[in-house]
Each structure stands twice: as structure tokens, then as C-alpha cells.
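Laboratory data are not the source of any read-out in this text; all were calculated from the coordinates shown. Values in this document were obtained by computation on a predicted structure and should not be read as measured data. A quick note on method: Cβ atoms are made from the backbone with ideal geometry, for glycine too, and the neighbour counts reach across all protein chains shown.
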Amino acid sequence: MHRLRTCAARLRPLTAFQNAPSFSQQRTVVTPGALRTFQPFRCYAAPVAAEPFLNGTSSNYVEEMYYAWLENPKSVHKSWDIFFRNANTGAPPGSAYQSPPPVGVSLSGLSQAQALVGAQPNVEKLVEDHLAVQSLIRAYQIRGHHVAQLDPLGIMDADLDSCVPADIITSSDKLGFYGLEEADLDKVFRLPTTTFIGGSESALTLREIIRRLEFCQTNHLHNLFADDTCFDILLFNVITFFLLCECFCNAARFEEFLQRKWSSEKRFGLEGCESLIPALKTIIDKSSENGVESVIMGMPHRGRLNVLANVIRKELEQIFCQFDSKLEAADEGSGDVKYHLGMYHRRINRVTNRHITLSLMANPSHLEAVDPVVQGKTKAEQFYCGDSDGKRVMSILLHGDAAFAGQGIVYETFHLSDLPSYTTHGTIHVVVNNQIGFTTDPRMARSSPYPTDVARVVNAPIFHVNADDPEAVMYVCNVAAEWRATFHKDVVVDLVSYRRNGHNEMDEPMFTQPLMYKQIKKQKPVLQKYAEKLIAEGAVSRQECEEEIAKYDKICEEAYNRSKDEKILHIKHWLDSPWPGFFTLDGQPKSMSCPSTGLNEEVLSHIGQVASSVPVEDFTIHGGLTRILKGRATMVQNRSVDWALGEYMALGSLLKEGIHVRLSGQDVERGTFSHRHHVLHDQNVDKRTCIPMNYIDPNQTPYTVCNSSLSEYGVLGFELGFAMASPNALVLWEAQFGDFHNTAQCIIDQFISPGQAKWVRQNGIVLLLPHGMEGMGPEHSSARPERFLQMCNDDPDVFPKITEDFAVRQLYDCNWIVVNCSTPANYFHVLRRQILLPFRKPLIIFTPKSLLRHPEAKSRFDDMLPGTHFRRLIPEEGSASQNSAGVKRLIFCTGKIYYDLTKERRTRGLEDTVAISRIEQLSPFPFDLVKAEAEKYPQAQLLWCQEEHKNQGYYDYVKPRISRTFNNTCPVWYAGREPAAAPATGNKKAHLVELERFLDTAFNPDAFQNQS
């Protein structure tokens, strides 16, 4: 891995290095002078060789060159030409090599004496000096960042290292390191065509070369790809000066206005990095110029209100009214603090005069958690508008320095950046580098030199820039936008700045950073410094600066007065992903109803036939898969479905109806348990695949099924963002095992469970979590249903009013839906219901493992025909239902345990006296159906049976709700495993003993006689 850093602040347009050769095309140049310091550099011609180099050169290679030279002396490099000519005249091997002529001097211009052995020694010295100067330039490119003046305060080293590299010239005394002398400073040296240090000159004095290199130390580019990036001086015109002044004025005065009006309120102001505002505006303007029509952004809370006001152009009164102390918590849209909220705005970009849509995603305080969500929404928008290369839709992510270095989700998100089903074709990352994390010094917060080093895993260019140098910031952001538009890869801009206040406006930073904050108190704000600079240069007048400040102050005051209107607050102003037209039908709100989720038998049969075929000619599949497809065909003929086929029919039917379906997760294409096989692989042609579900109907929408990286946090966040973009898509994420969802707990806790309550934003994402106790140990058994149920917002102490639309109304009022289906038909219905509902809620499905192939876990076509629905509760349908008066025990359960219970009931011959009812939808709880089922058996004990441990699973959730159904007059007994710390045993024998024990409890008539 090459580690290349280029000291640069001002770079030429990217066209200058678009066609630069890759590392594999580079050749190493070795001469006696180069060997002295061994500083290789690029040569785009043939290699130059010295005799020491011949020791490591293939004799065949030299022999081939020799014969080529005999044929045509011009076919080899000049140095080889001289070498072979000297050797042919009898020169001994040790002296046959002659240094090439000086740059710009042709071989024909040398005399025979100069060209052959005995050439003038000053020629060799001249070549060696040129190589030394090139090594000097290279040293600045690679290590110049160590002496770059990046800290606006002048007290810290951005790379945490105060050492000056030995090969960086800091005084004339160090010229000797390169074999140069002070007398060489005024000598003119030619620059290779691949080296750019400002200007277009091909030759400069050494003094001027060093001056330009030192000039570039102010900022630098850290880039693992374009190591010979061009740099040039940016020429600013009057318009540019005025735009910069306006941006800085707006950014600074906005913060001052908030501080003046609400001095005791937290706002996480931008003071110390006001350059973020012109930075973002520059990126957006340049991207708009390059054709971008939509920008999705994610950022932490620092500077968020400023970005909303001065970049996205949110109405100021909507921001100011959020500071109103009279705003009650119950008010719509007040579910989270103002510096967490997002918005969506379409406006004219005044620089390009083109429409652009800006979306700032709402995010929690969990730093960087929003990163994959932004990427998912960006990918979705690109998908829906046919933007296959990211030219119309792009993402911008803002970061804090400590979080960028410390949060693993940053790494996970970067690793999605180039995966086919996850790439957004380049994200621009902007780091607001406070040089501190809350109260933690960077030397205690990271081990890498820079906070941005994590971006090197994808070879992203990293621009470090002094945030108090506005012109450099603007230029670097222009280049970053050009980079993204040209190469469609991630790029990072590190704004090295400071935080004028503490972590928030109420914090006292002098407790922990006294030196830094003593300097900050002396530091002039960047607006004042830049204004004074422009006034001194005559670019603007003092009066013009004062008028600009007064104009913005007036705008803020007028907005402040409007914000006092109680009617001004409305949630539509704080939505980052609006779904226009979805919640209404013919201009009226949709009714609280859901049509039948069943399908015609012809449709079921057709999809089943596709699922059991290979719709591509000359495609060879695995022999074992042939048997699986034949088994599917047989089931279709017999009008039955297993779990995989039921899923296939649900997803395929939605595709046929114009609904995009995206299934993502680890190994979802085949399925962790080898049951799905949605992607077929040709056994004879590498990488040739077939997705039969894309052959259901000529007019269907495309099906996306994609194996993800080995990430839960990043990928679930991505899919959540994808689901935000449109309500007319079914987006599913499957955990490899349900247990593994806990590494994505942040996304579940901060975004999915409270999403609508916090940000009034609906989302229909589906989580598929394989769950079931089968003796496979604590890591592969439990999706932790107790955690999901604990976060449900229904009240266990309130029996709801049963109305005609109760089932749908319950779904509308809940924060998410939790189900554990026991039949393929019910799984089929719940997936289709997710789209046919008039609203969107997250759906949590505890999916099976052993039931995937259980002979009894099959459904008939009759359960999936028109008129059928998802069954929230499946009642007892056997002989016990015909003998309701004689039933002594009613067992409620959910999921896989039902099949163990029915088997045990048959073994004991209790079909007539024990009823078993399955609660398929756990939340919202089916109070009405549970009540009706229990009232059917007036003499029966009520029992909840689960295979999970008592302190886990569903018991603590269902017990109070069942009890409340009967006014707490009827006890609800428990049968299941005893409380435990781990979810399951990994010992098969122990597992079976536990199963036998609680099944005995479930059917033993005397089990509860001694319990109160």
C-alpha cells in the first residue's frame, strides 16, 4: 500500500491528472545520483538504468534491448543508447554507463567526447542536482503536511506530531541533505512535466521552488491516488469576494442573534468554524453546475441550525419558534430537540439558476448513526430516478473530528461506498475539526495521526485545510466537488478549526482545556479577520461590510417577530422525507381499512412455476438445487406452499403489482439456511447469475436482492434510509441470525422504534429475524423478542374500545408491528399487508429456522386466495373447539412452539380437553380476539407457553394484557424455561431435557394446584 501525502492548498482542475498512469504503469528511475539518496520518481518513458541496476536486471531483458538497439538506436532510452555505444567501442563494464544529458539538451547536441566515456563531469553534477531538487519536491509532496500551518490557533499539530521531517527544508543549512549548497538557490532547474507547484513555468530557481513549496504548507492534500496532483493559485474576482463575505456574515450574525435572544439555551453553535457555511455552499453550487439536482445531507448537532438557515434556507421563523418556552411537549413536531430535526426543501440555486432539492436528515445524538441512513436514502433516490452513476443525486456527510475517528459506523459506511448494491457513486465528507472531543484531548481520543485516516481504507482523497483561510476553504471545496463529479468516489474535506464555546453554550471549557481557551479568547473571529483583509486590499469597503451585516440583522429581527405567531409551527416544515399524495385519495384522507391480501389461484400458480424454474437458456445449476426446484414444482401442483415458496409468492406478487422490493442482508440471496435461492449461479460460467423473480411479468418492477457486507449497524441503517425515500416499496433487512440484530441496536432504538414519535416520519421497513430454541447455543437462538415488545407503545392496563376498524386502527396507533408467524400463509399475508395498509409502520418478524422444512409447517392455496387476510390470532381448530365445555386448559403460544405442543398433545391423547391458540401478532396486542377465544372455553385454565426463558421472550408482555382482558380476575399460568442469564443452552441433551420439562408442565393437570 502506497502512503502518499501531497502538501497542497490550491489545486488545478482535475483534467490535469485524469489521464495520469496508475501505479502499475510507473517505472523506477535509478542513476548514480539517485542511488546516493535512493529517491525514486516517475518516468513515463523507458527506464533509465545505471550499472548497479544491471545486477538486478534480467539478462534476457538487456539482451532484447540490445538487439532492439542494433536495429534502431532510437528505440531505447538515451542512457541505454550511450551505454551500448560505449560498450561497443570497448569500454569496460564498470565505465560503460554515462549519465543522460541535461534536461532540454538533445543527444545530437553533444559532442562525441561528451556522449562517450570521459564526458564533462559538470553534466553528471547537473543531472544529480536536478534529481536532488525532484527529491526535495517529492519530500514536500509526501511529508509536507507535517509542517503545514493548519491550526487557526497556532498551538496544536493537526497530526499530533511536532517533529519536522529531516528532508523538509526549513533553513539553508538543510540543503546539504540533498547535496545542494546555498549557492544553488539562484540556479534554474527544469521541472518534470508531471510536477506542478503553481504556475505554468517549466523552469524555476531553487529559491522560488522552495518558496512555493513553503507557501503550500498552509494546507495540504492527503491522497492515496493522485499523488502528483497539480496545484495552482486560485484567482478570486470581486463577485467571489462578495459571496464569501455574505456567507461569513450570515453564518456569524446568525449565531450572534441566537446568543443575544436565547443566551441560556443550548444551540450547539458554529462559532470557530463559520467557514462551514461557504464550504457547503461551494460544494452544492459546484455540484449543481455539474448536473446534481438533489443533495441528501446528514450532520451532527454542531452548526445544524446555521446550516438549516443559511445553506438549506429554512424559514428563520420556523427555527426561532422552536426556542419558544411555551412550546408544549405534546405539540406536533416537538418529539425531539430542534438541533436534531431535519427538513426537505426544493429551491432555485442562485449561482446556477437551476432547481435543487436539499434534504437534511433528522438524527439522534448518537454521532455518525445517520451516515448509513443518508447513504440508503441517496441510493433510493438514485434508483427511482434512474440515476445509475450518481450524476443527479448525491450525498454530503458532515462529521465531528472525534466521532469520525472513534465511531465504528464510519468505517462500516465507507465499506459500503463501492459495493454494487450500496454505492452512491461518491460522497463528499466534511469534517468540522474542533481539535477536541467534548472535553477529551485528541491525543487521548485517537491513535491515528489525523481524525480522517479512516477514509484511507477506500483511498479517498483527504483535504486538510485551515478553516480560518476562507479562500483556501472555498478552493478545496471546489476541487472536492469536481473530484466527486469526475471520479464518482468519496472525498474528504477536513476543516481544521476550533470551538469558541464549550461543548454547548452552557459548558465551561476552561476546566479541561485552559491553554486552548485562553488563546481562543484572544482569537479574532474569522469574519472580522477576513473583512479586515479585504478592506485592506481594497476588494470591498468598510461601508459595504457594515451594510451586509445590518441587512442580515434586519432579516433575523423580522423573522423573530413572525415566530411569535402561535399558528406558525407546522410539522410539514420539519419533514426530511415527505411522501406527497400518499396519505390521501382523491384529495381525501385514506380510510382506516385494508383490503384482502389474498391472490387468485392463477397468480399463485404462475409465481410458483417461476420459483421452480430457470428462465435462462443454457444455464447449468447445481444438482442439489435441481432437486429443490423440482420439490417446489410438486408443491405448486399439490396447491401447497412451504415457507420459502410463501415468501416468493408474496414478493413476486408485489413486483407484479408495481411495488419495488429490496431484500438485503448477510447471505440473503441463498438464505442462511439454504432455503431461499433467489439468485441462481451457473455452475460452468463464473459470475453468471440469474434472478428468476425478475421474470414474473414483462411489466413488473425490478427485484433487488443483495448480499450485504458483514455489517448489521451500517446495512440496517442503509436499508432504513432506502425505505424513507418512498412508501411504495417493500424494503426488507434480514439478520443472519436474529441474535445479531443487537449490533444494529442503535438504529433500532434511535430511528426505527421511536421514528414517528420523534420526527413524525413513517417508515415501512421490515426486519426478518430468525429465532427459535433448537439447542444451537446462546448465539444462534434468540432474536430477543422481549426487547422489541418492551419498546411497544400500547398500554397493558387499558382494554381498548373495540370498533369496526379496530384491527387497522390499532396498527395506525402503534409505533411498530411485531409478529411471529407459524404458517407460510400468514407470513405471505403479513408481507402483502405491509404494502396494502394506508400508512407505513416498521414490521418486526421473528422468522423460523427448523420450520423452514417442517412437514407440518405448510399452507394450502385456499389460505391465500381472495378474501383471505393475515390472521392476528389463529384459534384452536381441532376437536377441542367442538368440545368447548369440556376443555380444561387453554394454552396461548406463538411461533414454533405450537408444533411441539400439538405433538405432545397427541402423544398424551388430550386433543379434546386442551385447546391451543396461536397469537401471531403480538403487538399491537389482539385484545378482541384473545377475549373471544378465552370466552369460548369458560371452564379452562389460561396458560401462556413459550420455549424462551421466563425473563425473556413474550411472557412479561402478554401476561398483563391477557389479565387485563378479564379485568385481572383470571390468573395466567406460565409454562416455559426457568429464568436465565443466557438465551439458550448449546448442549443438545440439556435442550431436550428443558423442552420435556416445560411441555410436561403445560399438559400436567396438577401443575398449578399448589400455586396461588
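Within 12 Å, Cβ to Cβ, of Leu730, how many net charges do the neighbouring residues add up to if Lys/Arg are +1 and Asp/Glu are -1?
Taking every other residue near Leu730 into account, the sum is +1.
Determine which residues of the stretch 662-689 fall in the zone a paramagnetic label at Thr620 would reach in this model, i.e. backbone nitrogen under 14 Å from the point 7 Å along Cα→Cβ.
681-688
Compute the relative contact order of the stretch 874-1003 as a whole-number percentage, counting only Cα pairs closer than 8 Å that sit 6 or more residues apart in sequence.
26 percent
So, R0 is 41 Å and r is the distance between the beta-carbons of Arg347 and Lys533; what FRET efficiency does that work out to, to 0.05?
My answer for the efficiency is 0.85.
Label Leu419 and Asp1000 with points 7 Å out from Cα along Cα→Cβ: what is the distance between them in nm?
My value for the distance between the label points is 4.8 nm.
For the stretch 874-1003, what class follows from the C-alpha gyration tensor (a ≥ b ≥ c being the square roots of its eigenvalues): rounded when a/c is under 1.5, otherwise prolate if a/b is larger than b/c, else oblate?
It is oblate, given that a/c is not under 1.5 and a/b is not larger than b/c.
When we measure straight from the Cα of Lys931, which lysines land under 27 angstrom away, once same-chain ones fewer than 8 places off are left out?
Straight-line reach from Lys931, under 27 Å: Lys801, Lys841, Lys888, Lys896, Lys903, Lys950, Lys959.
What is the percent of Cα-Cα separations in the stretch 866-916 that go past 14 Å?
Tail fraction, whole percent: 54.
Using the basic label-point model (7 angstrom from Cα toward the beta carbon), what is the Asp795 to Arg688 distance in nanometres?
Taking the two extended label points, one gets 6.4 nm.
In which sequence would Ser135, Ser709, Ser263, Ser171 go, from the one with the fewest C-beta neighbours within 10 Å to the one with the most?
Ser171, Ser263, Ser709, Ser135
Which length gain, in nm to one decimal place, applies between Met506 and His366 when the Cα-Cα distance is subtracted from 0.36 nm times their residue separation?
48.4 nm
Label Ala980 and Val458 with points 7 Å out from Cα along Cα→Cβ: what is the distance between them in nm?
4.2 nm
Computed over the Cα atoms of the stretch 238-573, what is the convex hull's projected area averaged over all directions, in nm²?
Orientation-averaged projected area of the Cα hull: 17.0 nm².
Stretched out fully, how many nm does the piece from Ser388 to Glu911 gain, at 0.36 nm a residue minus the Cα gap?
Fully extending the segment from Ser388 to Glu911 adds 182.4 nm.
Given axes a ≥ b ≥ c from the Cα gyration tensor, I'd like to know whether the stretch 384-493 is rounded (a/c under 1.5), prolate (a/b larger than b/c) or oblate.
Oblate shape, in that a/c is at least 1.5 and b/c is the bigger or equal ratio.
If you project the alpha carbons of the stretch 431-501 onto the principal axes, what extent comes out on each, in Å, largest first?
39, 29, 14
Using the Cβ atoms and a cut-off under 13 Å, what net charge is assigned to the surroundings of Asp618, where Lys and Arg are +1 and Asp and Glu are -1?
The answer is -1.
Efficiency by 1/(1 + (r/R0)^6): what FRET value for Ala183 and Ser448, r their Cβ-Cβ distance, R0 = 45 Å, to the nearest 0.05?
The value I calculate is 0.60.
At a Förster distance of 25 Å, what's the computed FRET efficiency of Cys706 paired with His854, Cβ-Cβ distance as r, to 0.05?
0.30
Please order Cys249, Cys385 by the number of other Cβ within 10 Å, starting at the fewest.
Neighbour counts put them in this order, fewest first: Cys385, Cys249.
Which order do peptides 845-858, 489-502, 902-915, 400-413 fall in by mean Cβ count within 10 Å, highest first?
Order by mean packing, descending: 489-502, 400-413, 845-858, 902-915.
³J(HN,Hα) across the stretch 868-881 via Karplus (A = 6.51, B = -1.76, C = 1.60, θ = phi - 60°), whole Hz, x for Gly/Pro?
8, 9, 5, 9, 5, 9, 9, x, 4, 10, x, 5, 4, 5
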